[in-house]
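Visitor: Before I ask anything, here is the structure I am working with.
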Amino acid sequence: MTRSRMDEGGAGDESVRKGSGSSSGADLRSGSPSSERAPRTEDEHLLQAPSPVRPRDYMLGEPWRVMRIMGEFVEGFEGLSDVTRAVSMFGSNRLSEDSPWYDLARETAHRFALADWTIMTGGGPGIMEAANRGAADGGALSVGLSIELPEEESHNRYVNRGINFRYFFVRKTMLVKYSSAFVFFPGGYGTLDELFEALTLIQTGKIRDFPVVLMGAAFWEGLIEWLLRELVGGGTINAADLDLCYITDDPKQALEYVTRRS
């Protein structure tokens, strides 16, 4: 694991809202079928198993869903076709403006914006808003790729180019395809999902080895220690795999690292 000399930080927060999963714990414990309510998102609808009661309706509907998915890919490709030098920034959507991590994300994005980088986020509140705000402060293109989620609004007010997605895997494709680097701030399940997916794509050679920065040493060090002890120690990854990330608390060092590696 590559890290800077600075190691001051703080605590983070979860990034996934309650109730955003495909079924609740009560449903699982009671055994009540998830079909008792309508799916709340297109992702949930897509991933829902066929109903044994009406299988014919399922067969008629799913092929047409492929066309909607294809349409989202086309919209994403068209909307981002001119983005050639972008950094995607991730973190909790629960952190408010008075959080030190919010300030760090805004400052980091601002520094990248002044260096002529486009800033891309999930377009939501919290860290995403802070990053888009920093981009706006620096006069850069501020992109928000929002996803359909229960109880969450679309884009934050600092996005000046926004695209709405209904399918997570389409949005993830866009974030990877049009990014030259990933910067992660403290977050929850969603942030960790994006982090480990990026590391997996790099480790398996599916994408080039582009820069991955973890901002906030105090937040990330516990995870890195666990990876070193359990995964490296257990032989499930190599020690060199930890060098796919760079840890720092300093926006200037983050920019220098990304610029050097890009």
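Visitor: Pairs, please: C-beta under 6 Å, at least 6 apart or cross-chain, first residue under 26 Å from Thr173 (Cα atoms) and in the stretch 200-229, second among the basic types (Lys, Arg)?
Guide: Going by the 6 Å Cβ cut-off, the qualifying pairs are Pro211/Arg261.
Visitor: Looking only at residues in the stretch 61-86 that are outside any helix (DSSP H, G or I) and of a type in the set (Val, Ile, Thr), which one is surrounded by the most Cβ atoms within 10 Å (Cβ to Cβ)?
Guide: Within the stretch 61-86, the first condition is being outside any helix (DSSP H, G or I), and the residues that meet it are 80-86.
Then keep just the ones that are of a type in the set (Val, Ile, Thr); that gives 83-84.
Values: Val83: 17, Thr84: 9.
Among residues in the stretch 61-86 that are outside any helix (DSSP H, G or I) and of a type in the set (Val, Ile, Thr), the one surrounded by the most Cβ atoms within 10 Å (Cβ to Cβ) is Val83.
Visitor: Okay, next question. Answer with yes or no whether Arg229 is surrounded by fewer than 16 Cβ atoms within 10 Å (Cβ to Cβ), modelled with pLDDT under 95 and farther than 27 Å from Glu75 by Cβ. First the steps, then the outcome.
Guide: Values: surrounded by fewer than 16 Cβ atoms within 10 Å (Cβ to Cβ): yes; modelled with pLDDT under 95: no; farther than 27 Å from Glu75 by Cβ: yes.
Here the answer is no, as Arg229 does not meet what is asked.
Visitor: In this structure, does Met89 turn out to be surrounded by 21 or more Cβ atoms within 10 Å (Cβ to Cβ), in a helix (DSSP H, G or I) and not basic (Lys, Arg)? Working first, answer last.
Guide: Details: surrounded by 21 or more Cβ atoms within 10 Å (Cβ to Cβ): yes; in a helix (DSSP H, G or I): no; not basic (Lys, Arg): yes.
No.
Visitor: Same structure again: Quick one: what pairs do we get from the stretch 137-149, first residue over 9 Å from Asn160 (Cα atoms) and in contact (Cβ under 8 Å) with a residue 40 or more places away in the chain, second buried (at least 23 other Cβ atoms within 10 Å of the Cβ) and among the hydroxyl-bearing types (Ser, Thr, Tyr), C-beta under 8 Å, 6+ apart or different chains?
Guide: Listed pairs, sorted by first residue: Leu145/Thr121.
Visitor: (1) surrounded by 15 or more Cβ atoms within 10 Å (Cβ to Cβ); (2) of a type outside the set (Val, Ile, Thr); (3) over 17 Å from the mean Cα position of the chain (by Cα): which one isn't true of Glu97, the others all being true?
Guide: Glu97 satisfies all of (1) surrounded by 15 or more Cβ atoms within 10 Å (Cβ to Cβ); (2) of a type outside the set (Val, Ile, Thr); (3) over 17 Å from the mean Cα position of the chain (by Cα) except (1).
Visitor: Going through the stretch 203-225 one residue at a time, which ones are surrounded by 19 or more Cβ atoms within 10 Å (Cβ to Cβ), touching a helix residue (DSSP H, G or I) at 6+ places or on another chain (Cβ under 6 Å) and not in a strand (DSSP E or B)?
Guide: The one that is surrounded by 19 or more Cβ atoms within 10 Å (Cβ to Cβ), touching a helix residue (DSSP H, G or I) at 6+ places or on another chain (Cβ under 6 Å) and not in a strand (DSSP E or B): Pro211.
The values are calculated or read from the model by the stated rules, or taken from the named source; none is laboratory data. These numbers were taken from a predicted model, which means no experiment stands behind them. Note that we place each Cβ from the backbone using ideal geometry, even for glycine, and neighbour counts take in every protein chain shown.
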